[in-house]
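This report concerns only the one structure given below.
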Amino acid sequence: MRASLLQIDVNDAETVESRRQRVASLVREQAGADLVVLPELWTTGAFAYEGFRTEAEPLEGPTYEVMAKAASDAGVWLHAGSIPERDPEGPLYNTSLVFSPSGELAASYRKIHRFGFDKGEAVLMGAGSELVTVRLPETVVGVATCYDLRFPELFRGLVDAGAETLVLSAGWPERRRSHWTLLAQARAVENQAYVLACGTAGTHAGVAQAGHSLVVDPWGEVLAEAGAGEEVLTVDFDPAKVADTREQFPALKDRLLGLDTPRRQA
Ligand SMILES: NC(=O)CCC(=O)C(=O)O
């Protein structure tokens, strides 16, 4: 299976519309890949809080339209990263869109863990509450977004729902790049799953981005890693390796504790 992670340079100089069109062209250039992945909030930038409101769009808004067409033009599964979604009946959401090769919406995922503690995304956006998996012909994809990476229980939930390939769209800052790489490998090892982690490059809203998108195999080996700048990271991987790893080293079968485990307080 061939995946292309598009590590987009998100900067304040380029307009949202120009970036949308530029990214659509990049997606079209990936014809031949099975899966193309974009980063989190690449229209505005994950830290461009002002833009969340001004650039928020309905689920089936301009980014949806352009990305649905790009997916069908290229004939690829497209994880189109996330958009600031305006729900007419609720708050804004950080929502990922996944399109099939015919340009149909296969899934959407509202980010569950919002970043910023008492500011930024954590106060400007609502939290999603549903885990999302998507069945591709070759593998079952589990969808997660950026800060979700710090919450292993979310990924374990995706694995329990059948996920074999964990796809993470992100806008991760350079300042915490060591966490990015370490956590991506940890999620792969503990879940015996592929991790495809696609971040942004450049600097927006004064926050330098980490870049260094990476693909990790179910044994925790980094198969490919991008540099700091805009880059298309293409990798061929064997989805059967998930079942092989889980069979040869069946640690997942040794799980003893679940949420229903009784707890005792002293
Ligand atoms: N956009 C994000 O979720 C940023 C997450 C982050 O910076 C971190 O977890 O560190």
For this session: Determine the gain in length on full extension of the stretch D12-Q265; use 0.36 nm per residue of separation and subtract their C-alpha separation, reporting nm with one decimal.
Result: 86.0 nm
For this session: Return the whole-Å distance between the Cα centroid of the stretch 180-246 and the Cα centroid of the stretch 57-72.
Result: 25
Problem set entry | In sequence order, calculated HN-Hα J values of the stretch 209-225 (Karplus, 6.51, -1.76, 1.60; Hz; x Gly/Pro) | 8, 6, x, 6, 3, 8, 10, 10, 8, x, 9, x, 7, 7, 7, 7, 9
Exercise. On the accessible surface of the stretch 1-65, probed at 1.4 Å, how many percent belong to carbon and sulfur atoms?
Worked result: 47
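222 nm [θ] for the chain, helices only, -39500 (n - 2.57) per DSSP H run of 4+, per residue, to 500?
Value at 222 nm, helices only: -7500 deg cm²/dmol.
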Problem set entry | Lysine pairs meeting the criterion (Cα under 30 Å, 8 or more apart or interchain), as found in the chain | 5
For this session: Consider a paramagnetic label point 7 Å from the Cα of R2 along Cα→Cβ; state which residues of the stretch 27-42 have an amide N under 11 Å from it.
Result: 30-35
For this session: Would you mind counting up the charge near G157? Only other residues with Cβ under 11 Å from its Cβ, with Lys and Arg at +1 and Asp and Glu at -1.
Result: -3
Exercise. Using 7 Å Cα-to-Cβ label points, what is the R22/L257 separation (nm, one decimal)?
Worked result: 4.7
Seminar exercise, completed: Once both label points are put 7 Å beyond Cα along the C-beta direction, the V123-A228 separation in nm becomes 3.2
For this session: Take every DSSP beta bridge with both residues inside the chain and express the antiparallel ones as a percent of the total, to the nearest 5.
Result: 60
For this session: For a label point 7 Å from the Cα of E247 along Cα→C-beta, name the residues of the stretch 208-224 whose backbone N is under 20 Å from it.
Result: 217-220
Seminar exercise, completed: So the FRET efficiency between E89 and A205, C-beta based with R0 = 30 Å and rounded to 0.05, is 0.60
For this session: Quick one: what are the phi-derived ³J(HN,Hα) couplings along the stretch 93-108, Karplus 6.51/-1.76/1.60 with θ = phi - 60°, whole Hz, x for glycine and proline?
Result: 10, 9, 10, 8, 10, 10, 10, 7, x, 9, x, 7, 6, 8, 6, 9
Problem set entry | Solvent-accessible area, 1.4 Å probe, carbon plus sulfur percent, for the stretch 143-266 | 53
For this session: Output the relative contact order of the chain, whole-number percent, from Cα pairs under 8 angstrom with separation of 6+ residues.
Result: 19
For this session: Pull out the extension gain between K69 and A31, defined as 0.36 nm times the separation in residues minus the alpha carbon to alpha carbon distance; nm, one decimal.
Result: 12.4 nm
Exercise. Per residue, how much accessible area does the chain show when a 1.4 Å probe rolls over the protein heavy atoms, in square angstrom?
Worked result: 44
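The values are calculated or read from the model by the stated rules, or taken from the named source; none is laboratory data. Remember, it's a predicted structure, so these values are computed and weren't measured experimentally. With ideal geometry, Cβ positions are generated from the backbone for all residues, glycine too; neighbour counts draw on all protein chains shown. Side chains included, ligands, DNA and RNA excluded: accessible areas come from the protein's heavy atoms. Shrake-Rupley method; radii C 1.70, N 1.55, O 1.52, S 1.80 Å.
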